[in-house]
Amino acid sequence: MTAAPWKSNPGGVSSPVRRTITAVETAVQGTYRQWIEHASKCDECHATGNRCSTAERLWQAYKAAQREVRSL
Ligand SMILES: [Zn+2]
């Protein structure tokens, strides 16, 4: 039996930077899922093949979250 490395980490607290990245990655996944879910059930998006105003707002939120990940 070897000791788990993370258990020897004093305090066992992940760094603030790591927590921020995780939060932003969660935001990317969340906004992407919202956009996909909207696109899958929106008649306007289906009919035109374009993003309606709601889809555009969700898409921009997703792109903004993506930019935040890259800037970290
Ligand atoms: Zn739509």
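Among the residues making up segment 45-66, those that are part of a helix (DSSP H, G or I), surrounded by fewer than 17 Cβ atoms within 10 Å (Cβ to Cβ) and at pLDDT below 95 are H46, A47, T48, Q66.
Residues in segment 31-61 that are among the hydrophobic types (A, V, I, L, M, F, W, C) and within 9 Å of the ligand (Cβ to nearest atom): A39, C42, C45, C52, A55, L58.
The values are calculated or read from the model by the stated rules, or taken from the named source; none is laboratory data. Not measured: the values here are computed from a predicted model. We place every Cβ from the backbone using ideal geometry, glycine too, and count neighbours over all the protein chains shown.
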